[in-house]
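*Asks:* One structure, as structure tokens, below. Some questions next.
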Amino acid sequence: MIVIHRTDELGSLVKAFNSMAKQLQESFAILDARNTELTRLNQEKNEFLGIAAHDLKNPLSAILGLADLIITDFDGLSQEEVVDYAKGIAVSAEQMFDLIVNLLDVNKIESGQFNLVLKPTELRPLVQVVVNNYQERAQAKNLALHFQPQEIPLTVLVDPNITRQVLDNLISNAIKYSPPGKHVYVRLLQTGPAVRCEIQDE
């Protein structure tokens, strides 16, 4: 049997086939782009989780160190010193709590959103708390940790928790990688309209 198709019918079939092929190609391109984006977001999430896990170690170490000081030196500490150490423990615990809240908010991590809560913050006491938390660790390594702030109010618009995390990481690394007998300097100063915090090791 010989089947003869009209030219216009063949043309319609070819057009339909080409249209389907084009749609499939576009669908594969979209799918590939989404897979690439998912891979990127997953990598970013893993990096963020790694950083957060590292950040949790610092306030936890501060809590353990301050609690140990209170336990071992309680008889030789003044009431004011005990209160200061207790405040340091509370600040570190709050920092850990905020980190854990961020970790649990997986949807924000996967969507690439990270909400900063900016508010006017006096920077000197915030930095002072972080420095105080590392004094014992510095002394244990025979390091001198110096805080050199300007004697003026320095109010900035920041997220206090994120700022504390950044400073915590920088000071922690400066102490961790400094050889014994060296100095670590934390400076806080205003230069024009900007406020600058410097962490310098040797």
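The values are calculated or read from the model by the stated rules, or taken from the named source; none is laboratory data. Just so it is clear, the model here is predicted, and its values are computed rather than measured. All Cβ positions, glycine included, derive from the backbone under ideal geometry; neighbour counts span all protein chains shown. Just so you know, the surface numbers come from the protein's heavy atoms only, side chains and all, with ligands and any DNA or RNA stripped out. Shrake-Rupley method; radii C 1.70, N 1.55, O 1.52, S 1.80 Å.
*Asks:* Sequence-distant or interchain residues sharing an amide H contact under 5 Å with Leu143, placed H: which?
*Replies:* Here Gly181 satisfy the definition.
*Asks:* What spacing in nm lies between the two simple spin-label points modelled at Arg187 and Leu157, each 7 Å away from Cα in the Cβ direction?
*Replies:* Using points 7 Å along Cα→Cβ, the separation is 2.7 nm.
*Asks:* Regarding the chain, what's the average projected area of the Cα-atom convex hull, expressed in nm²? Show your work: numbers first, answer last.
*Replies:* Values: hull surface 85.9 nm².
So the mean shadow area of the Cα hull is 21.5 nm².
*Asks:* Let me check I've understood the local charge: for Gln200, count other residues with C-beta under 14 angstrom from its C-beta, Lys and Arg +1, Asp and Glu -1. What total comes out? Could the numbers behind the result be given before it?
*Replies:* Working: positive: Lys182, Arg187, Arg196; negative: Glu198, Asp201, Glu202.
Overall, the nearby charge balance is 0.
*Asks:* Compare Thr155, Thr121 by solvent-accessible area with a 1.4 Å probe and give them largest first, with all protein chains kept in place.
*Replies:* Numbers: Thr155 90, Thr121 15 Å².
Descending order: Thr155, Thr121.
*Asks:* My understanding is that a pair violates if its Cα-Cα distance is over 31 Å; which of Lys87/Lys141; Lys119/Lys141; Lys45/Lys182; Lys45/Lys141 do that in this structure?
*Replies:* On the way: Lys87/Lys141 24 Å; Lys119/Lys141 36 Å; Lys45/Lys182 36 Å; Lys45/Lys141 34 Å.
Too far apart for the 31 Å limit: Lys119/Lys141; Lys45/Lys182; Lys45/Lys141.
*Asks:* Separation between the Arg40 and Asp75 pseudo-spin-labels, each 7 Å from Cα along Cα→Cβ, expressed in nm?
*Replies:* In this crude label model, Arg40 to Asp75 measures out at 6.3 nm.
*Asks:* I've got another one for you. Which percent, nearest 5, of DSSP beta bridges in the chain are antiparallel? Write out the running numbers ahead of the final one.
*Replies:* Values: 11 of 17 bridges.
Taking every DSSP beta bridge with both residues in the chain, the antiparallel ones total about 65 percent.
*Asks:* State the percentage of accessible surface on the chain attributable to carbon and sulfur atoms; use a 1.4 Å probe and exclude ligands, DNA and RNA.
*Replies:* Values: 7960 of 13480 Å².
Of the solvent-accessible surface of the chain, carbon and sulfur hold 59 percent.
*Asks:* Can you tell me the relative contact order of the chain? Whole percent, Cα pairs under 8 Å, sequence separation 6 or more. The partial results should precede the final answer.
*Replies:* Working: 187 pairs, mean separation 35.1, N = 202.
Computed over the chain, the figure is 17 percent.
*Asks:* Taking the Cβ of Gln95 as the center, what net charge do the other residues with Cβ under 9 Å away carry, scoring Lys and Arg +1 and Asp and Glu -1? It would help to have the intermediate numbers written out before the result.
*Replies:* Working: positive: Arg164; negative: Asp55, Glu94, Asp98, Asp168.
With Lys, Arg at +1 and Asp, Glu at -1, the net is -3.
*Asks:* Report Ser27's accessible area, 1.4 Å probe, all protein chains in place, as a number in Å² to the nearest 10.
*Replies:* Around 70 Å² of this residue is reachable by solvent.
*Asks:* Hey, another quick one. Tell me, what are the semi-axes, in whole angstrom and largest first, of the equivalent ellipsoid of region 113-202 as set by the roots of 5 times the Cα gyration tensor eigenvalues? Kindly include the intermediate steps, with their values, before the conclusion.
*Replies:* Values: eigenvalues 119, 46, 21 Å².
Over the Cα atoms of region 113-202, the ellipsoid semi-axes are 24, 15, 10 Å.
*Asks:* Compute the length gained on full extension between Leu118 and Gln150: take 0.36 nm times their separation in residues and subtract their Cα-Cα distance, giving the result in nm to one decimal. Provide the component values of the computation, followed by the final result.
*Replies:* Working: separation 32, 0.36 × 32 = 11.52 nm, distance 2.29 nm.
Answer, rounded to one decimal: 9.2 nm.
*Asks:* Using θ = phi - 60° and the Karplus curve 6.51 cos²θ - 1.76 cosθ + 1.60, what whole-Hz ³J(HN,Hα) does each residue of region 85-95 get, with Gly and Pro shown as x?
*Replies:* Going residue by residue, I get 5, 5, 5, x, 5, 5, 5, 5, 5, 5, 4 Hz, with x marking Gly and Pro.
*Asks:* In debye to the nearest 20, how big a dipole does the chain give about its Cα centre with +1 on each Lys and Arg Cβ and -1 on each Asp and Glu Cβ? Before the final figure, lay out each step's value.
*Replies:* On the way: 18 positive and 26 negative charges, 144 e Å.
About 700 debye.
*Asks:* Next question. Mind checking the per residue accessible area of the chain for me, 1.4 Å probe, whole number of Å²?
*Replies:* Working: 13480 Å² over 202 residues.
The answer is 67 Å² per residue.
*Asks:* Oh, and also: Using just the helices of the chain, give the 222 nm mean residue ellipticity in deg cm²/dmol: DSSP H runs with n ≥ 4 each add -39,500 (n - 2.57), and the total is spread over all residues, rounded to 500.
*Replies:* Numbers: 5 runs with 133 residues, N = 202.
Taken over the chain, the calculation gives -23500 deg cm²/dmol.
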